[in-house]
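Asks: If you scroll down you'll find the structure; I have some questions about it.
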Amino acid sequence: MEDIKPIMFKVTVDGVEVEVAPGTTIMQAARKIGPEVAPPAMCYYEPLKGTGGKCRACLVKVAAGSAKDPRPMPKLVASCITPVQDGMIVENFTSPQVVEARKAVVEFLLLNHPLDCPVCDQAGECHLQDFSYENGVGTTRYEEERRTFEKEDIGPYIQLHMTRCVLCYRCVYTADQLTDGRVHGVMGRGDHAEISTYIGRAIDNDFSGNVIDVCPVGALTDKTYRFKNRVWFSKPVDAHCDCEKCSGNVQLWYRGDEVIRVTARKNEWGEVKEFICNACRFEKKKTSDWVIEGPSKVKRASVISANKYAGNLIKKPDFALKLAESQYKKIDDTRPFVSEMSEIKKSEDYKTLMQQNENYFKK
Ligand code: SF4
Ligand code: FES
């Protein structure tokens with residue numbers, strides 16, 4: 001029998017072509033190519049069905065809709081919920097329009113989000129922090145009063161700080177898809193929308209802790225870990241245990257010899273690989289509870305990797321030194337080093353500079 005080849009669509013993102021199956025979204029196609037072309041995401045979360053379409057962080061330009069109809073799409077589209085067409089050409093980082101629009105999305109997400117990173121437990125692993133560093137501007141045009149909320153205890157292990165929430169709905173999908181009875185959700189609409197538990201009911205089920213891992217900001221935090229440490233001072237280690245409820249594959253976060261936090265392991269997009277149960281997350285805080293596999297791989301660019309490399313790893317490679325030597329002029333300055341102001345004032349250079357200044361202001 002003749003082999004039937006599956007139909008594949010050719011898509012180009014920022015000049016790089018990739019083949020994907022029909023039904024794939026632009027975001028998934030871009031991720032298949034790699035992080036150099038993949039749009040940022042604040043609400044889309046691949047392991048959770050139905051996520052995406054809430055934050056607009058992933059806007060891209062479709063410069064050609066398909067091979068059959070190569071007209072561009074009239075507006076920027078959310079790449080996480082837009083399926084690809086055969087012959088589609090997408091511009092992400094290469095489009096000045098997208099770069100400009102993303103600045104506005106950052107500004108929008110920061111309208112109500114407090115800039116309390118110095119005291120926020122999520123600092124160093126916050127997606128909004130990364131998103132604004134990479135795509136935002138340092139100013140805002142917002143002049144209205146910002147929304148603020150009291151901190152709320154939702155369940156024995158989780159604290160909600162709604163002021164930081166960006167309404168991505170990830171925690172709602174997590175509760176819907178991992179547990180039997182979701183008791184929290186988004187109440188209200190528009191400027192009044194907020195995450196809360198239904199009539200004060202607490203989130204209390206075996207997998208509730210996963211909402212902490214999926215929250216892109218510091219709105220949902222682990223009460224057993226809050227204010228214990230800055231994440232870049234702790235050392236992540238991969239470990240596993242025999243667990244009846246979940247895979248038991250976790251990441252232990254050490255401060256010295258003490259396990260100060262247990263989380264699920266995440267992939268290169270910052271998404272949980274396997275959700276873990278509350279017993280693993282909150283109750284096994286001793287090294288003897290785990291089989292240690294070794295240090296977790298942390299992206300070199302992440303602040304979490306700071307101070308964790310041995311000296312020989314950060315030594316500048318030979319080729320870089322040679323290149324610097326060949327491309328930069330050697331500074332030939334034999335003048336004596338003088339730091340006394342009275343001495344500096346006597347020098348000819350100083351006098352010339354002062355004269356130039358005077359002439360300039362006279363004009
Ligand atoms: S609490 Fe966190 S995960 Fe839930 S909607 Fe807000 S930002 Fe998203
Ligand atoms: S990641 Fe696409 S809209 Fe939020």
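Asks: Suppose we keep only residues that are at pLDDT below 90 and under 18 Å from residue 213 (Cβ atoms) within the range 143-171. Which one would you say is nearest to ligand 1 (Cβ to nearest atom)?
Replies: Among them, the one singled out is 154.
Asks: Mind listing whichever residues of the range 124-135 are more than 16 Å from ligand 2 (Cβ to nearest atom) and either aromatic (Phe, Trp, Tyr) or on the phi > 0 side of the Ramachandran plot (or both)?
Replies: Once the filter is applied, which keeps residues that are more than 16 Å from ligand 2 (Cβ to nearest atom) and either aromatic (Phe, Trp, Tyr) or on the phi > 0 side of the Ramachandran plot (or both), the range 124-135 yields 124, 133.
Asks: Looking only at the range 82-104, count every residue that is under 20 Å from the mean Cα position of the chain (by Cα) and part of a helix (DSSP H, G or I) and tell me the total.
Replies: 7
Asks: Hey, can you tell me all the residues within the range 136-190 that are away from ligand 2 (no atom under 16 Å from the Cβ) and of a type in the set (A, V, I, L, M)?
Replies: Matches in the range 136-190: 137, 154, 158, 160, 162, 175, 178, 183, 187.
Asks: Taking the range 58-74 on its own, how many of its residues are farther than 25 Å from residue 108 by Cα and either among the charged types (D, E, K, R) or touching a helix residue (DSSP H, G or I) at 6+ places or on another chain (Cβ under 8 Å) (or both)?
Replies: Looking only at that region, the number is 3.
Asks: Given the options 197, 224, name the one that is surrounded by fewer than 19 Cβ atoms within 10 Å (Cβ to Cβ), over 19 Å from the mean Cα position of the chain (by Cα) and of a type in the set (Ser, Thr, Tyr).
Replies: 224
Asks: Moving on to the next point. For residue 239, all conditions in the list (1) over 19 Å from residue 121 (Cβ atoms); (2) out of contact with any strand residue (DSSP E or B) (no Cβ under 7 Å at 6 or more places or on another chain) hold save one; what is the number of the exception?
Replies: If we test residue 239 against (1) over 19 Å from residue 121 (Cβ atoms); (2) out of contact with any strand residue (DSSP E or B) (no Cβ under 7 Å at 6 or more places or on another chain), just (2) comes out false.
Asks: Return a yes/no flag: does the range 133-155 have any residue that is surrounded by fewer than 16 Cβ atoms within 10 Å (Cβ to Cβ), of a type in the set (Phe, Trp, Tyr) and assigned to a loop (DSSP other than H, G, I, E, B).
Replies: Checked the range 133-155: at least one residue is surrounded by fewer than 16 Cβ atoms within 10 Å (Cβ to Cβ), of a type in the set (Phe, Trp, Tyr) and assigned to a loop (DSSP other than H, G, I, E, B).
Asks: While we're on this one: Taking the range 27-46, which residues are within 16 Å of ligand 1 (Cβ to nearest atom) and either modelled with pLDDT under 95 or under 14 Å from the mean Cα position of the chain (by Cα) (or both)?
Replies: Hits for the range 27-46 are 40, 41, 42, 43, 44, 45.
Asks: So the check is Cβ under 9 Å with 6+ separation or different chains; which pairs have a first residue in the range 50-64 that's farther than 19 Å from residue 37 by Cβ and basic (Lys, Arg) and a second one that's assigned to a strand (DSSP E or B) and more than 16 Å from ligand 1 (Cβ to nearest atom)?
Replies: 54/78
Asks: So, one more: I'd like to check something: does the range 115-123 contain any residue that is outside the structural domain of residue 40 (by TED's automatic domain parsing), within 16 Å of ligand 2 (Cβ to nearest atom), within 24 Å of residue 270 (Cα to Cα) and in contact (Cβ under 8 Å) with a residue 12 or more places away in the chain?
Replies: Within the range 115-123, not a single residue is outside the structural domain of residue 40 (by TED's automatic domain parsing), within 16 Å of ligand 2 (Cβ to nearest atom), within 24 Å of residue 270 (Cα to Cα) and in contact (Cβ under 8 Å) with a residue 12 or more places away in the chain.
Asks: So is residue 77 more than 12 Å from ligand 2 (Cβ to nearest atom) and touching a helix residue (DSSP H, G or I) at 6+ places or on another chain (Cβ under 9 Å) or not?
Replies: Spelling it out, it is not the case that residue 77 is more than 12 Å from ligand 2 (Cβ to nearest atom) and touching a helix residue (DSSP H, G or I) at 6+ places or on another chain (Cβ under 9 Å).
Asks: Check residue 135 against each of (1) within 16 Å of ligand 1 (Cβ to nearest atom); (2) within 19 Å of the chain's Cα centre (by Cα) and name the one condition it does not meet.
Replies: (1)
Asks: Checking residue 292 against (1) exposed (fewer than 15 other Cβ atoms within 10 Å of the Cβ); (2) assigned to a strand (DSSP E or B); (3) under 21 Å from the mean Cα position of the chain (by Cα), only one condition comes out false. Which one?
Replies: Going through (1) exposed (fewer than 15 other Cβ atoms within 10 Å of the Cβ); (2) assigned to a strand (DSSP E or B); (3) under 21 Å from the mean Cα position of the chain (by Cα) one by one, residue 292 breaks only (3).
Asks: While we're looking at this one, here's another question. Any residue at all in the range 79-97 that is among the small types (Gly, Ala, Ser) and buried (at least 21 other Cβ atoms within 10 Å of the Cβ)?
Replies: yes
The values are calculated or read from the model by the stated rules, or taken from the named source; none is laboratory data. This one's a predicted model, so the numbers in the text were calculated from it and none came from an experiment. As a convention, Cβ positions derive from the backbone with ideal geometry for all residues, glycine included, and neighbour counts pool all protein chains shown.
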